[in-house]
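Chemist: Before anything else, here's the structure in question.
Derivation of every value follows stated rules applied to the coordinates shown; laboratory data play no part. In this text the structure is predicted, and so the values were computed from the model without any measurement. Ideal geometry is used to build each Cβ from the backbone, glycine not excepted, and the neighbour counts take in all protein chains shown.
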Amino acid sequence: MKTFIYKIITKLKEEIKNPQGEVVENIVTRLSISQNLKVNTGKFYEIKITDIDKIEADKKIDKISKEILVNPLVETFEIVSVEEV
């Protein structure tokens, strides 16, 4: 058995209104830091999983991401790194 740590980011799709991102954009504009800024907020997950190999672990992480972590109507996910420990 091998253990892997997956780092996953979920975020709202571009076409979905993002109130938290808009707050950051407004503050940055008000502070005159930048006038051209687009912020898309999201969540970060770190999942440690043990399985027979990376292929099987990948399948399970994909299923977890699609069925539990995101609402596919409004969110996307990206696996940003995988580390074997």
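Chemist: Determine, for I64, I16, the number of other Cβ atoms within 10 Å of each Cβ, and report the residues in order from fewest to most.
Modeler: I16, I64
Chemist: Still on this model: Which value, in debye to the nearest 20, describes the size of the charge dipole of the range 2-84 about its Cα centre when Lys and Arg Cβ atoms bear +1, Asp and Glu Cβ atoms bear -1, and nothing else is charged?
Modeler: Value, rounded to 20: 200 debye.
Chemist: Which listed residue (V70, P19, I55) has the Cα farthest towards the positive end of the charge dipole for the range 2-84, taking +1 on Lys and Arg C-beta and -1 on Asp and Glu C-beta about the Cα centre?
Modeler: My answer, from the dipole projection, is P19.
Chemist: Whole-Hz ³J(HN,Hα) for each residue in the range 4-18, computed from phi via Karplus 6.51 cos²θ - 1.76 cosθ + 1.60 with θ = phi - 60°, x for glycine and proline: what do you get?
Modeler: 3J(HN,Hα) across the range 4-18, in whole Hz: 10, 10, 9, 10, 10, 10, 10, 8, 5, 5, 3, 7, 8, 4, 10.
Chemist: Another question, if that's okay. Starting from 0.36 nm per residue, how many nanometres of slack lie between K13 and T76 once their C-alpha separation is accounted for?
Modeler: Between K13 and T76, full extension yields an extra 22.1 nm.
Chemist: Could you work out the relative contact order of the chain? I mean the mean sequence separation of Cα pairs under 8 Å and 6+ apart, divided by the number of residues, in percent. Can you show the working numbers first?
Modeler: Details: 121 pairs, mean separation 46.5, N = 85.
Over the chain, the number comes to 55 percent.
Chemist: Next up: Going through the chain, which GluC sites (Glu not before Pro) have at most 12 other Cβ atoms within 10 Å and a DSSP loop state?
Modeler: Here the sparse-neighbourhood loop sites are E14, E15.
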